[in-house]
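Structure, as C-alpha cells:
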Amino acid sequence: MEHALSAAELLNAWEQARALSPTDGALSLLALAEPEKTREQLAQLSIGRRDAGLLKLRERIFGSRMTARSNCPACGQPMEMSFTVAEVQAAPAPATAEPFTANFGAHEIKFRLPNHSDLAALVPGDDLAVQKRRLIQRCVLDAKRGGHPLAPDELPGELINALSERMSELDPQGDVQLALSCPQCSHRWHAPLDVASYVWSEIETWAVRLLRDVHQLASAYGWREADILAISSWRRQAYLEMIEP
Ligand SMILES: [Zn+2]
C-alpha cells in the first residue's frame with residue numbers, strides 16, 4: 001500500500017531538488033513516490049511512463065483538479081483553463097516490449113522510446129526542429145535503407161517526422177495536448193502540457209507558501225517547525241486565520 005506523503009517529506013524532497021532543472025526536480029519527486037526504483041531506472045522510463053507516475057503523484061498530493069494559464073495565440077487574451085488529472089491521463093500504451101521495428105517505405109528502423117535522459121541531453125536554447133532531430137537520432141538503434149545501413153545523421157526529415165509520430169502513438173502519455181478555445185475570439189488550438197514542469201512548479205509554489213505559513217505560525221505561537229508540519233494543512237489554515245492581523 002502507498003504510504004501517505006507527509007508535508008515534511010515533500011518539503012525535504014523539494015529542498016534537495018531545488019538546485020536542479022524543473023524536469024530533474026520532477027524526477028526527484030517521482031523517486032519519492034517510487035522508492036523501489038533507482039534514479040537511473042526512473043531516468044530510463046519513457047516520457048509517458050514518467051509522466052503517468054508524476055500525474056498519479058500529483059493527484060495524491062493536490063487532488064484531481066488542475067489549472068493552467070495561456071494566452072490566445074490569435075488575439076492575446078489571457079485565459080485560465082481547468083481540467084482534471086483523468087482528462088490528461090492517456091490510456092496505457094500497448095504492452096509491447098522495446099525495441100520496436102517499423103518500416104517506412106524502403107527504410108527499416110529499429111528504435112526505442114525517448115526517456116528522461118534523452119530530454120536532459122538536449123541543448124535548451126536550440127531550435128525545436130534541431131532538438132526533435134537529436135532526440136529521434138538518440139532513439140534510433142539501427143537504420144537501413146533497402147537493406148543498407150544508414151547512419152543516424154543520414155535519416156531524412158520525413159522519416160524523422162514519421163518516427164516522431166509513431167513514438168507518440170506508442171507512448172501517448174508523453175505527448176499530452178490540451179484542446180483550447182478562446183472565449184474572446186473563438187480561436188481554437190492545441191497546446192502541449194509539459195507534465196514534469198507543471199508538477200514541479202506546483203510543488204515549488206506549495207513549498208514557498210508552506211514556509212511562509214510555518215514562519216507565521218512559529219512567530220505567533222512559538223511552535224517548532226516539525227510540529228507545524230506534522231499537523232494537517234486544514235488545521236494550519238485554521239490557526240493562521242486566528243492570528244490577529
Ligand atoms: Zn482569442
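Does at least one position in the range 5-24 carry a residue that is within 18 Å of the chain's Cα centre (by Cα), on the phi > 0 side of the Ramachandran plot and outside the structural domain of PRO152 (by TED's automatic domain parsing)?
So far as the range 5-24 goes, no, none of its residues is within 18 Å of the chain's Cα centre (by Cα), on the phi > 0 side of the Ramachandran plot and outside the structural domain of PRO152 (by TED's automatic domain parsing).
For the range 179-237, what are the residues that are within 16 Å of the ligand (Cβ to nearest atom), touching a residue at least 12 places away in the same chain (Cβ under 8 Å) and of a type outside the set (A, V, I, L, M)?
Result: CYS182, PRO183, GLN184, CYS185, HIS187, TRP189, HIS190.
If we keep just the residues of the range 121-159 that are acidic (Asp, Glu) and not in a loop (DSSP other than H, G, I, E, B), which is surrounded by the fewest Cβ atoms within 10 Å (Cβ to Cβ)?
Residues of the range 121-159 acidic (Asp, Glu): 126-127, 142, 153-154, 158.
Going one step further and asking which of them are not in a loop (DSSP other than H, G, I, E, B), we end up with 142, 153-154, 158.
On the way: ASP142: 13, ASP153: 7, GLU154: 10, GLU158: 11.
Result: ASP153.
Scan the range 34-51 for residues that are surrounded by fewer than 22 Cβ atoms within 10 Å (Cβ to Cβ) and in a helix (DSSP H, G or I) and jot them down.
Hits for the range 34-51 are ARG39, GLU40, GLN41, LEU42, ALA43, ARG49.
From the list GLU98, GLU108, exactly one residue is of a type in the set (Asp, Glu) and modelled with pLDDT of 95 or more. Which is it?
Checking each option against the conditions leaves just GLU108.
Kindly evaluate GLU80 against the criterion of being within 24 Å of GLN173 (Cβ to Cβ), assigned to a strand (DSSP E or B), of a type in the set (Asp, Glu) and assigned by TED's automatic domain parsing to the domain that holds ALA230.
Yes: the conditions hold for GLU80.
Among the residues of the range 70-92, count how many are of a type in the set (Gly, Ala, Ser), touching a residue at least 24 places away in the same chain (Cβ under 8 Å) and out of contact with any Gly (no Cβ under 8 Å at 6 or more places or on another chain).
Number satisfying all stated conditions: 3.
For (1) of a type in the set (S, T, N, Q); (2) within 16 Å of the ligand (Cβ to nearest atom), each residue gets a yes or a no:
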site: PHE62; (1), (2): no, no
site: MET66; (1), (2): no, no
site: SER70; (1), (2): yes, yes
site: PRO73; (1), (2): no, yes
site: GLY76; (1), (2): no, yes
site: ALA86; (1), (2): no, no
site: PRO99; (1), (2): no, no
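Taking interchain pairs and intrachain pairs at least six residues apart, which have beta carbon atoms under 7 angstrom, with the first residue in the range 130-154 and closer than 16 Å to GLN44 by Cα and the second acidic (Asp, Glu) and surrounded by 15 or more Cβ atoms within 10 Å (Cβ to Cβ)?
Close Cβ pairs (under 7 Å, with a partner that is acidic (Asp, Glu) and surrounded by 15 or more Cβ atoms within 10 Å (Cβ to Cβ)) amount to LEU135/ASP118; ARG138/ASP118; CYS139/ASP118.
Name every residue in the range 155-174 that is out of contact with any Pro (no Cβ under 8 Å at 6 or more places or on another chain) and aliphatic (A, V, I, L, M), in order of residue number.
Residues satisfying the conditions are LEU155, LEU159, ILE160, ALA162, LEU163.
The values are calculated or read from the model by the stated rules, or taken from the named source; none is laboratory data. A quick note: this is a predicted structure, and the numbers were derived from the prediction, not measured. Don't worry about glycine lacking a Cβ; one is built from the backbone with ideal geometry, like all the others, and counts go over all protein chains shown.
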